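Values in this text are rule-based calculations from the coordinates and carry no lab data. Every value quoted in this text rests on a predicted model; they were computed, and no experiment measured them. Here the Cβ is made from the backbone with ideal geometry for all residues, glycine too, and neighbour counts use every protein chain on show.
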Amino acid sequence: MTVEKTALPNPGLTSMTVREALRDGMAEEMRRDSTVFLMGEEVAEYNGAYKVSQGLLDEFGSKRIVDTPITEHGFAGLGVGAAFGGLRPIVEFMTFNFSMQAIDQIINSAAKTLYMSGGQMGCPIVFRGPNGAASRVGAQHSHCYASWYAHCPGLKVVSPYSAGDAKALLKAAIRDPNPVIFLENELLYGHTFDDVSQDPDYVLPIGQALIRRPGKDVTITAFSIMVGKALEAAEALAELGIDAEVIDLRSIRPLDTETIVRSVMKTNRLVSVEESWPFAGIGSEIAALMMEHAFDYLDAPVFRVTGADVPMPYAANLEHLALPQVADIIEAAKAVCYKS
Amino acid sequence: MLLIRRFEERAAQLYGMGLIAGFCHLYIGQEAVVVGIQSILQPQDTIITAYRDHGHMLAAGMDPKGVMAELTGRSGGYSKGKGGSMHMFSREKNFFGGHGIVGAQVPIGTGLAFAHKYKADKGVSITSMGDGAANQGQVYESYNMASLWKLPVVFIVENNHYGMGTSQERSSAGPNYYGRGQGWNIPGEKVDGMVYTAVKEAAARAVDHARAGKGPYILEMDTYRYRGHSMSDPAKYRSKEEVETVKVDRDPIDHFRIYMTKTLKISEDKIKKIEDDIKVVVLEAVEFSKTSPEPDPSELYTDILNEGNAVT
């Protein structure tokens, strides 16, 4: 198994998979706070559809690791009520595609009630699970929801790449007094990273991007699995004489606009990468923000690398075409550097 | 009950004057339901309902001034004027809203029951819905989980026989909402929701059942709303005679007045005094709702997110 080296090696950090890091993050928070519990389909006796909750039932018992019926709308709403009632639920969606069943409870009940109640009714809840495309699972199981949830005031939306970030940001999400959408990626679950803190008090603040690779010629923003593709592209670009800076957004809402703007002021070029559809996507938002905050620094139009504007096809060749590939990012970077 | 009725009559007036806007769903006719249930609750019990919620709030002991000022969109309202008729809450009174999406309060109320059981605080969640909401899928998802996990929740179906303009007969296959928990082994009963004592006795049975750890219970309250669905509804889908018959034969307040004089032996003077007191309370609420200032413009961007980590 390859271990992905991340920025700034630290002797206090250890290597583990994203899957293990998420499990450890939840376990640490459950030891720390007795009101934290996990509910979802297959989270307990099956140890998680993707084994993210491996071992948690054994440690915490069925009161706190709760297998639910396959009724996302109902158990998401139940989680919201439990949060209003003083608990801190972690609601797992087997995939975020199924959160469509529950989106009314997430937005109308979890996100808006603090405002509608004049500040009385906080809803500390985490909705988490794999998001976006996995591999050959077709149109209804491959959807990235980052821009859907990021649209809504009252929510925070987090989408980590590395194991260390996954753990530290999930812990932050669980401690956060607001509803947090925590978008994981199935293909990353088995990836091992060397950046995981084992300090149970270590959390990352939500809302800070990370420059994973400094560079001076072009800024590439990405989140979740696309960070890996952006880093690969950056290595290839270096051989072509283009020094790319790769920003891992980590948090979609709030978005660390300042870090992106500062980078663009240096590189004067921006490529945004996301696997979801182009229309009203995260890249569209970043492009608009750059017009507002860095217009005079742009030497080329912002370039959006996105998934194709189609429902995800099943056929291997078509799926490959529908998702952003390293070559697409390289071509985009070359284009904004006028080197294509 | 009389407080709720007088309050709602005034709310209708203020709506007509343009002081209340948007949606405003009056509870007139259904008063015995909330008052009967409230009479047997304990302080740790929680209450949640949909958008026809003014009566629930007043029954829960929330201040009529704060409720009326929310209706007029003023800073003295329970949600600082940011919620409106359908979105009011009181942590102090354990009233959890006030929800505008038909049926969405049912899983949330089930979640409040989950929290009662988790914390072992002996509380019961009173989760109300109308006959319209009772056809929502999430209600049955909630029945399933509530029964599966033996959650302390009493589901109240306030059957006023019309989901907006659609009668029960035109919307619901099968007339018995109280029997819809059978598949999940949830006991249910139908109650004359126009009779305070009937509501109180049934609520006591249901709440005792839930509090004892035996799981959920369904009470179908046979009731009636005198006004339209909301203030903009002239209610042409039913006859005047139908409404008048209920008002004359089954009015919950008339019924309770007879109960007070005949059974409780309360004197007419005492009743008159109660009526006068209520008049004053409602007038004060109206006055407060007119004089409380509108929310400061700076409130537009507050209460969107809680700051900090509220972990103790």
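For peptide A:65-72, what's the mean number of Cβ atoms from other chains within 10 Å of each residue's Cβ? Mind showing how you got there, number by number?
Working: counts 0, 4, 1, 5, 4, 1, 8, 2.
Mean shielding by partner chains, rounded to a whole number: 3.
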Expressed in angstrom and rounded, the centroid-to-centroid distance over alpha carbons for the stretch B:182-221 and the stretch B:250-306 is 27 Å
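Past the 28 angstrom mark, what percentage of all C-alpha to C-alpha distances in chain A do you count? Spell out each step's value before the answer.
Numbers: 23003 of 57630 pairs.
The answer is 40 percent, as a whole percent.
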Rounded to one decimal in Å, the inverse mean reciprocal Cα-Cα distance for the stretch A:86-214, i.e. its Kirkwood radius, is 15.5 Å
Which of A:Ala238, A:Ala146, A:Ala173 fluctuates most in a GNM of chain A (C-alpha springs under 10 Å)? That residue is A:Ala238
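When the chain is fully extended, how far beyond the present Cα-Cα distance does A:Met291 get from A:Glu258, taking 0.36 nm per residue of separation?
Numbers: separation 33, 0.36 × 33 = 11.88 nm, distance 1.33 nm.
Between A:Met291 and A:Glu258, full extension yields an extra 10.5 nm.
Go through the stretch A:113-164 and name the trypsin sites (Lys or Arg not before Pro) that are in a DSSP coil and have 15 or fewer other Cβ atoms within 10 Å of their Cβ.
Values: sites: A:Arg128, A:Arg136, A:Lys156; in loops: A:Arg136.
Of the trypsin sites (Lys or Arg not before Pro), the ones in loops of the stretch A:113-164 whose Cβ has at most 15 other Cβ atoms within 10 Å are A:Arg136.
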Within the stretch A:1-99, DSSP-loop trypsin sites (Lys or Arg not before Pro) with at most 12 other C-beta atoms within 10 Å are A:Lys5, A:Lys63
Between the Cα axis of helix A:72-84 and the main Cα principal axis of chain A, the angle (0 to 90°, nearest 10) is 70 degrees
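Evaluated at 4 °C with a viscosity of 1.567 mPa s, what Stokes-Einstein diffusion coefficient in µm²/s does the stretch A:149-208 have when Rh comes from the Kirkwood expression over alpha-carbon pairs?
Values: Rh = 12.2 Å.
Result for D is 107 µm²/s.
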Here P(r) for the stretch A:210-336, Cα-Cα distances in 5 Å bins, as whole percents, is 2, 12, 23, 25, 20, 11, 5, 2, 0
Using alpha-carbon coordinates alone, the radius of gyration and Dmax of the stretch B:80-228 in Å work out to 14.9, 43
Here the relative contact order (percent) of the stretch A:12-197, from C-alpha pairs under 8 Å and at least 6 apart, is 29 percent
Taking Cα atoms only, helix A:257-267 is inclined relative to the longest principal axis of chain A by an angle, in degrees rounded to 10, of 20 degrees
For the stretch B:91-130, using Cα atoms only, the Rg and Dmax in Å read 10.5, 30
Counting only DSSP beta bridges fully inside chain A, the antiparallel percentage to nearest 5 is 20 percent
Here the Cα Rg-to-2.2 N^0.38 Å ratio for the stretch B:1-153 is 1.03
Descending packing, highest mean Cβ count within 10 Å first, for B:163-173, A:329-339 is A:329-339, B:163-173
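What does the convex hull of the Cα atoms of chain B come to per residue, in Å³, rounded to a whole number? Don't skip to the end; give the middle numbers.
Details: hull volume 44.1 nm³, N = 312.
Spread over its residues, the Cα hull of chain B gives 141 Å³ apiece.
Taking the convex hull of the Cα atoms, report for the protein assembly as shown its projected area averaged over all directions, in nm².
Numbers: hull surface 125.9 nm².
So the mean shadow area of the Cα hull is 31.5 nm².
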Note on chain B, DSSP bridge orientation, antiparallel percent to nearest 5 equals 10 percent
Contact order relative to length for chain A, counting C-alpha pairs under 8 Å separated by 6 or more residues, stands in percent at 17 percent
Of all GluC sites (Glu not before Pro) in the stretch A:1-90, the ones in DSSP coil with at most 12 other Cβ atoms within 10 Å are A:Glu45
In a Gaussian network model of chain A with springs linking alpha carbons closer than 10 Å, the residue among A:Cys123, A:Cys152, A:Cys144 that fluctuates most is A:Cys152
Rounded to whole angstrom, the alpha-carbon centroid of the stretch B:36-89 lies from that of the stretch A:112-135 at a distance of 24 Å
Measuring from the longest principal axis of the C-alpha atoms of chain A, the long axis of helix A:163-175 (C-alpha) lies at a number of degrees, nearest 10, equal to 50 degrees
Counting other chain Cβ atoms within 10 Å of each Cβ in A:175-182 and taking the mean gives 3
From the Cα centre of the stretch B:229-246 to that of the stretch B:2-21, the distance in Å is 18 Å
Percent antiparallel among DSSP beta bridges confined to the protein assembly as shown, nearest 5, equals 20 percent
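Counting only C-alpha contacts under 8 Å and six or more residues apart, can you give the relative contact order of the stretch B:79-220 as a whole percent?
On the way: 238 pairs, mean separation 32.0, N = 142.
About 23 percent, as a whole number.
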Sorted on mean Cβ neighbours within 10 Å (highest first), peptides B:227-234, B:42-49 come out as B:42-49, B:227-234
